[in-house]
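Working notes for the structure below.
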Amino acid sequence: MTKRPSKRAADLQQAQVRFEEFLRGRNLKLTEERRSLVEAVFAEEHHFDADELHMNQKGQGRDISRATVYRTLDLLVQAGLVRKSSFGDQHAHYEAVRHDEHHDHLICLNCHTIIEFYRPDLEALQDRICEEHHFKALHHSHQIFGLCDKCQKKGTDHLFLAHKVSQLNA
């Protein structure tokens, strides 16, 4: 009996093929560094930033420059393999795009915890709203900013929170 590859392994394999095709279309090569970064991105279970990815690669003994990490992440975003998000702070967060996994985010403004959630009723409501307005949705990102349970219990400086909220609207 042949063992089927896991969903994660299949996602990685598909991403590598798509990335190589994307690079070839731009006369770029799939270098060993880029291949390693694709593997690392698709091994991540949660959101990460470029510096975390760079440090993880360094920690595994890979000699990859910070610039290569940033350039490769930009290419992966352009290829539609990685999603780049801002969660109210000053740097970008990334996550691998898995076509069968959609989720939205609750973001704590105090400790920066990101809680992923999926609600079919919310998705259905969004679809109905689009239908009512004869609008074809191609992508959406639902983010709710506030305080996680832990930060609510320990209390937070209201001036600090007001400042954080004002930065979201800037």
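What follows is calculated from the coordinates using simple rules that are stated; it is not laboratory data. Note that this is a predicted model, so its numbers are computed, not measured. All Cβ positions, glycine included, derive from the backbone under ideal geometry; neighbour counts span all protein chains shown.
Near Phe145, the amide H atoms lying under 5 Å from its own belong to Ile107; only residues 5 or more places off or on other chains count, and H is placed 1.01 Å from N. Farthest towards the positive end of the charge dipole of the range 7-96, among the residues His91, Leu23, Val41, is the Cα of Leu23, using unit charges on the Cβ of Lys, Arg, Asp and Glu. For the range 73-170, which GluC sites (Glu not before Pro) are in a loop by DSSP, counting at most 13 other Cβ atoms within 10 Å? Here the GluC sites (Glu not before Pro) that fit, given the DSSP loop and packing criteria, are Glu101. Among Lys84, Lys154, sorting on how many other beta-carbon atoms sit within 10 Å of each Cβ, with the fewest leading, yields Lys154, Lys84.
The equivalent ellipsoid of the chain has semi-axes of 31, 23, 16 Å, largest first, where each one is the square root of 5 times an eigenvalue of the Cα gyration tensor. Under the simplified labelling scheme, the Ser85-Glu32 pair shows an inter-label distance of 3.5 nm, with each label point 7 Å from Cα along Cα→Cβ. Computed 3J(HN,Hα) for the range 56-70, one whole-Hz value per residue from the Karplus formula 6.51 cos²θ - 1.76 cosθ + 1.60 where θ = phi - 60°, is 4, 5, 4, x, 8, x, 8, 8, 10, 6, 4, 4, 5, 4, 4, glycine and proline marked x. In order along the range 102-109, the Karplus-derived 3J(HN,Hα) couplings, from 6.51 cos²θ - 1.76 cosθ + 1.60 at θ = phi - 60°, round to 10, 7, 10, 9, 10, 10, 7, 6 Hz, and Gly and Pro are given as x. For the chain, the dipole from Cβ point charges (+1 on Lys and Arg, -1 on Asp and Glu) about the Cα centre works out to 460 debye, to the nearest 20. Taking amide H positions as modeled 1.01 Å from N, with prolines and chain starts lacking one, the residues under 5 Å from Val82 and 5 or more places away or on another chain are Val77, Val97.
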